[in-house]
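As C-alpha cells, the structure follows; a few thoughts come after it.
The values are calculated or read from the model by the stated rules, or taken from the named source; none is laboratory data. Owing to the predicted nature of the structure, the values given are computational and were not obtained by experimental measurement. No Cβ is skipped: glycine too gets one built from the backbone with ideal geometry, and neighbour counts run over all protein chains shown. Keep in mind that these areas ignore ligands, DNA and RNA; they rest on the heavy atoms of the full protein, side chains included. Shrake-Rupley method; radii C 1.70, N 1.55, O 1.52, S 1.80 Å.
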Amino acid sequence: MRCSTCPRAAVVDAPYRGAHLCADHLRASVEDRFRREMHRQLPRFRQGTVAVALSGGKDSSVALALAHRYFSRRPTVTVVAVSVDEGIEGYRPGTLEAARQLTRTLGVDHTIVRAARELGTSTDDLARGLPGTPPCSFCGVWRRQLLNRAARDAGADALVLGFNLDDLAQTVLMNLVHGDLDRLVRMAPHRTRQPGLVPRIAPLGTVPEREVYLYARGEGLPFDHGECPYAPRAQRNMFRTIVWQLEEAQPGTRQALLRTHERLVDRWLERGDPGGPNRCRACGEAASGELCRACGFLRTARPAVPVGATS
Ligand code: SF4
Ligand SMILES: [Zn+2]
Ligand SMILES: [Zn+2]
C-alpha cells in the first residue's frame, strides 16, 4: 500500500477520506487538523492561559505536545498541564509518571490534583463501597470536576481535552441513545462560556484514535500504554464497538455523528441559551440540580459524611 500523496509506503489507511498516508504525511495531516481546530474552537486567542488536561495516555500527551508547539511563538499565551490522580492502584501512578516526563521535557508547569485530598475518597475506595456501580460513572464525573477546578485555579481561559474523533463520536451516540439532549449540547467542544466552567475544547476531535496513536509513536512522546483496571466495565465499550462497526460498514460515520452534534448546538444557540447550570449547594461547582453529580455519588457512597468535605 503506497501513500496517496508520495511514493513512500503507507502506515495508515484512511477510508473516510479515500486516502492512505505515509508517516510524514500522517504527521503533517495530524498537525494540520489540530491547527485548524484550534483556530476554529479558540478563535483569535492571543493572550492568556491554556490548560491541557493531561492523563499521561497517548491522546492527552499528543494534545499537550501540539498545544505547546502551537503557542510556542506566542509568548503572551501560557500553556500549563493539569492531571487528576483519582486513586487507582497499579494504573494511575504509571500514567502520572509519563505525564511528569513529558511536562519536564517540554518545560510546562504541571499540577496534579488528588481525589483523596480534594474529595476525601478515591476511585478504588468508592469502587469497593459501590460494587454494583461501574466505577467510570463516578470517576469520570469527578475527574471532570477536578480538572475544571484545577484549570480555574490556574487562571485558564480554556481547557484542552485530548478527545479524539472516536471518543467524540461515541459520546454523541451515547447521549443520543440515552435521549440526553441537555448533555449532548453541553459536551465539548464548548462554544459558549458557562458560569463556573472553564470552556473545554477538543482540538484533536477530527483525528481518529489510530492516527493519534501513530502520531504519538512517531514523535517518540512518552505516554503510558496501560489500561485502567475498571475500563472493561465501562458502558462506553459497547458504544466503541458499535461505532467501529458503523464506521466499517459506512466510512465517515464518526464525522457524521460530529456534524449531528454541531447542528443540534447551532439550533440550541439560535433559540437562545436556556441559562447556565446552577451551583451545587455542597461544593459550589456547576450542577444541574441541587447537588452536582460528584457530590451526589459521594452522598450515596458515604451518607454519614458531609458532601464537599475534604480530608
Ligand atoms: S476508565 Fe473509568 S475508572 Fe478508569 S480512569 Fe477512566 S473513568 Fe476512571
Ligand atoms: Zn506520503
Ligand atoms: Zn458538588
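A few comments on the model shown:
- Pairs of Cα atoms nearer than 8 Å and 6+ residues apart set the relative contact order; for the chain it is 21 percent.
- Here the Karplus relation 6.51 cos²θ - 1.76 cosθ + 1.60, evaluated at θ = phi - 60°, turns the backbone of the stretch 213-228 into coupling constants of 4, 5, 5, 4, 5, x, 8, x, 6, x, 8, 8, 8, x, 10, 4 Hz, with x for every Gly and Pro.
- Simple label model, 7 Å out from Cα along Cβ direction - ARG233 to GLU31, nm: 4.3 nm
- The angle between the Cα long axis of helix 92-106 and the longest principal axis of the Cα atoms of the chain comes to about 60 degrees, rounded to the nearest 10.
- The mean accessible area for residues of the chain, using a 1.4 Å probe and ignoring ligands and nucleic acids, is 49 Å² per residue.
- Debye log10 I(q)/I(0) at q = 0.08, 0.16 Å⁻¹ for the stretch 4-147, Cα point scatterers: -0.31, -0.96
- DSSP beta bridges in the chain [antiparallel fraction, %, rounded to 5]: 25 percent
- Over all pairs of different C-alpha atoms in the chain, the reciprocal of the mean inverse distance, the Kirkwood hydrodynamic radius, equals 20.4 Å.
- Cut-off under 5 Å, modelled amide H: who pairs with VAL113 long-range: SER83, VAL84, ASP85
- Candidates ARG271, ARG46, ARG236, ranked by Gaussian network fluctuation over the chain, Cα under 10 Å, top entry: ARG271
- Angle of helix 253-270 to the longest C-alpha principal axis of the chain, folded into 0 to 90 degrees and rounded to 10: 60°.
- Within the accessible area of the chain (1.4 Å probe), percent carbon and sulfur: 50 percent
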